[in-house]
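Student: One structure coming up, written as structure tokens, with questions to follow.
The values are calculated or read from the model by the stated rules, or taken from the named source; none is laboratory data. Just so we're clear, the structure is a prediction, and the values are computed from it rather than from any experiment. Positions of Cβ are backbone-derived with ideal geometry, glycine not excepted, and every protein chain shown enters the neighbour counts. Keep in mind that these areas ignore ligands, DNA and RNA; they rest on the heavy atoms of the full protein, side chains included. Shrake-Rupley method; radii C 1.70, N 1.55, O 1.52, S 1.80 Å.
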Amino acid sequence: MIHRCGIVVAGFGNVGRSLVRLLLEKTSYLAERYRVDFSVLAVGDSSGFVYKREGFSREELEKLLQVPRGKVCESGLGSCTRCIDEVFDETLPDFLVELTPANYDTGEPGLTYMLRALKRGINIVTANKAPLVLKFRELMELASRRRVRIGFRATVFGGVPIIDVVRHLAAHKIRRITGILNATTNYILSRVFYDGLSLEQAVDEARKIGVMEANAALDLEGIDAAAKAVILANVAGLNVTLSDVSRKGITLVTMDDVKRCISENKVIKLVAEIDLENKCIVVEPRELPSSHDLAQVKYLLNAVLIETDLNTIFVKGIGGGPAETAINVLSELVELATSLPR
Ligand SMILES: NC(=O)c1ccc[n+]([C@@H]2O[C@H](COP(=O)([O-])OP(=O)(O)OC[C@H]3O[C@@H](n4cnc5c(N)ncnc54)[C@H](OP(=O)(O)O)[C@@H]3O)[C@@H](O)[C@H]2O)c1
């Protein structure tokens, strides 16, 4: 028997649209392989949500994908509302897929959407780091009380399920996690160190090719890396929020630093370090000898060194990107959906 699983997609931007495209592409595979059929009951953007109790048809989803950004409520497809409670009450979804922009000051709108979903016993899969880095424990405890799950694999390290790696090291005592967690700054520093661009040129290029966040400070000031470090730290057992991170961005790096490092056979990387023994997290530009494992991590790659009492694990892979993030979201949806009681 096919398990029909209703989802509400909050946030219909790069990742939200990639996810819906992927769902359309994978419908028969998921039904055949996992006996699950995801039905999109609602999608929402900054104009509000459109919803249909019985779920949107394939044709309607294809039409929604053609709707310009910020205009789902003008699509004429389904009922329209700005109220998430109305969406949940009318569609009774199994999952909220939370893909709204990350607001590190308030966590909104994602935080409210997640809290409302949890209070109704709706499972969540999210790629939005902000609610988690502000309220990780509260959200997890509420989920546990309501006996629902929050999947957040897509929040860190697009191409590699690093959260699962950290979660599954039960026999290890993790001492330290050190990593390059922000692909944009790694790209900028790689272009400077390996290709001879100035910092200014590399930042401009990152902006032009679309790898920079709309709010550049999230990348350049280390906020995105700090957010990922907070999520990894919580998974590894610390109870921390974004304000616990000691953070410096690559805006502190000068071309004089770059020239000196090159002459000393070093590179500068934006490094996030989670010290589990001293319970502290630091994000800062660090000078590393060229032979260091993290110094070999170039351009849009991310990497993490996990030091435990038993051994050291090195994981390297492509950072974020809407397609990779949507793949992670869908994989986690399938895993959670197939483990739900039927
Ligand atoms: N892009 C990546 O590679 C990547 C990787 C990992 C994690 N993430 C995270 O995933 C999330 C989505 O990223 P994205 O690249 O898809 O961002 P995006 O393109 O900016 O899309 C965000 C979507 O949220 C919508 N939105 C804004 N306010 C809303 C509200 N109050 N209610 C409902 N929807 C609202 C936006 O509406 P409009 O369309 O009207 O603007 C847009 O559709 C973010 O939290 C991001 O940090 C992204």
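Student: Solvent-accessible area per residue for the range 1-132 at a 1.4 Å probe radius, Å²? List each step's numbers first, then the result.
Tutor: On the way: 5770 Å² over 132 residues.
The answer is 44 Å² per residue.
Student: Now for a separate question. Say a site is exposed when it is one of the GluC sites (Glu not before Pro), sits in a DSSP loop, and has at most 12 other Cβ atoms within 10 Å; what is then the longest site-free stretch of the chain?
Tutor: Values: sites that count: GLU54, GLU264, GLU277.
My reading of the result: 55-263 is the longest stretch.
Student: While we're on this one: Which Cys residues of the chain have no other Cys Cβ less than 4.7 Å away and so no disulfide-compatible partner by this rule?
Tutor: CYS5, CYS83, CYS261, CYS280
Student: Ok, one more. Taking 2.2 N^0.38 Å as the expected size of a compact globular protein, what ratio does the Cα radius of gyration of the chain give against it, to two decimals?
Tutor: Details: Rg = 20.7 Å, N = 342, 2.2 N^0.38 = 20.2 Å.
Scaled against compact globular proteins, the figure is 1.03.
Student: Where the centre of each part is set by its Cα atoms, how far does the range 264-342 sit from the range 139-188, in angstrom?
Tutor: If you average the Cα positions of each part, the centres end up 9 Å apart.
Student: Label GLU59 and ASP105 with points 7 Å out from Cα along Cα→Cβ: what is the distance between them in nm?
Tutor: It works out to 4.5 nm between the two label points.
Student: What nm distance separates the two modelled labels at SER291 and ILE313, each placed 7 Å from Cα along Cα→Cβ?
Tutor: Label-label distance for SER291 and ILE313, simple model: 2.7 nm.
Student: Over 26 Å between Cα atoms, which of LYS248/LYS279; LYS63/LYS316; LYS71/LYS228; LYS129/LYS269; LYS63/LYS208 qualify? Let's see the in-between values first.
Tutor: On the way: LYS248/LYS279 18 Å; LYS63/LYS316 38 Å; LYS71/LYS228 31 Å; LYS129/LYS269 22 Å; LYS63/LYS208 29 Å.
Listed pairs above 26 Å: LYS63/LYS316; LYS71/LYS228; LYS63/LYS208.
Student: Any idea what the dipole of the chain comes to, in debye rounded to 20, about its Cα centre with Lys/Arg Cβ at +1 and Asp/Glu Cβ at -1? If you can, show how the numbers build up before the last one.
Tutor: Values: 43 positive and 43 negative charges, 147 e Å.
Here the size comes out at about 700 debye.
Student: Run a plain Debye calculation on the range 27-157 (Cα atoms as equal point scatterers, no solvent) and give log10 I(q)/I(0) at q = 0.13, 0.17 Å⁻¹, rounded to two decimals, same order as the q list.
Tutor: Cα-only, vacuum Debye calculation for the range 27-157: -0.58, -0.97.
Student: Let me ask another. Once amide H atoms are placed 1.01 Å from N in the peptide plane, what residues at a sequence separation of 5 or more from THR308, or on another chain, have their amide H within under 5 Å of its amide H?
Tutor: Counting only residues 5 or more places away or on other chains, the set is ARG175, ILE313.
Student: Determine, for each peptide in 290-296, 242-248, 280-286, the mean count of other beta carbons within 10 angstrom over its residues, then list the peptides with the highest first.
Tutor: 280-286, 242-248, 290-296
Student: Further question on the same structure: Using a cut-off of 14 Å between beta-carbons, work out the net charge of the residues near ASN103 (Lys and Arg +1, Asp and Glu -1, ASN103 not included).
Tutor: Details: positive: LYS129, LYS135; negative: GLU98, ASP105, GLU108, GLU213, ASP224.
Net charge in that neighbourhood comes out at -3.
Student: Still on this structure: In Å², and per residue, what accessible area does the range 162-318 have when probed at 1.4 Å with the other protein chains present? Mind dumping the intermediate values first?
Tutor: Numbers: 6970 Å² over 157 residues.
Heavy-atom accessible area per residue stands at 44 Å².
Student: Quick one: net charge around GLY237, please, counting Lys, Arg +1 and Asp, Glu -1 for every other residue with C-beta under 12 Å from its C-beta. Spell out each step's value before the answer.
Tutor: Working: positive: ARG137, ARG167, LYS173, ARG175, LYS279; negative: GLU277.
In short, +4.
Student: Report the trypsin sites (Lys or Arg not before Pro) located in the range 81-176 that are in a DSSP loop and have at most 13 other Cβ atoms inside 10 Å of their Cβ, or state none. Kindly include the intermediate steps, with their values, before the conclusion.
Tutor: Numbers: sites: ARG82, ARG116, LYS119, ARG120, LYS129, LYS135, ARG137, ARG145, ARG146, ARG147, ARG149, ARG153, ARG167, LYS173, ARG175, ARG176; in loops: ARG82, ARG120, ARG146, ARG147, ARG149, LYS173.
Taking the range 81-176 and a limit of 13 other Cβ atoms within 10 Å, the loop trypsin sites (Lys or Arg not before Pro) found are ARG82, ARG147, LYS173.
Student: How much length would be gained if the chain were fully extended between SER243 and SER144, taking 0.36 nm per residue of separation minus their Cα-Cα distance, in nm to one decimal? Before the final figure, lay out the partial values.
Tutor: Values: separation 99, 0.36 × 99 = 35.64 nm, distance 2.45 nm.
So the extension gain works out to 33.2 nm.
Student: Give the Debye-formula value of log10 I(q)/I(0) at each listed q (0.20 Å⁻¹), with one equal scatterer per alpha carbon of the range 162-318, two decimals each.
Tutor: These q points yield log10 I(q)/I(0) values of -1.25.
Student: Between SER79 and ARG207, what is the label-to-label distance in nm when each label sits 7 Å out along the Cα-to-Cβ direction?
Tutor: Distance between the two pseudo-spin positions: 4.5 nm.
Student: Let me ask another. Can you give the net charge of the other residues whose Cβ lies under 10 Å from the Cβ of ASN215, counting K and R as +1 and D and E as -1?
Tutor: -4
Student: A further question follows. Leaving out ligands, DNA and RNA, what percent of the accessible area of the range 162-318 is carbon and sulfur, probe 1.4 Å? Don't skip to the answer; put the middle values down first.
Tutor: Values: 3360 of 6970 Å².
Carbon plus sulfur share of accessible area: 48 percent.
Student: Just from its helices, what would the mean residue ellipticity at 222 nm be for the chain, if runs of 4 or more DSSP H residues each count -39500 (n - 2.57) and the sum is divided by every residue, rounded to the nearest 500 deg cm²/dmol?
Tutor: Details: 12 runs with 138 residues, N = 342.
About -12500 deg cm²/dmol.
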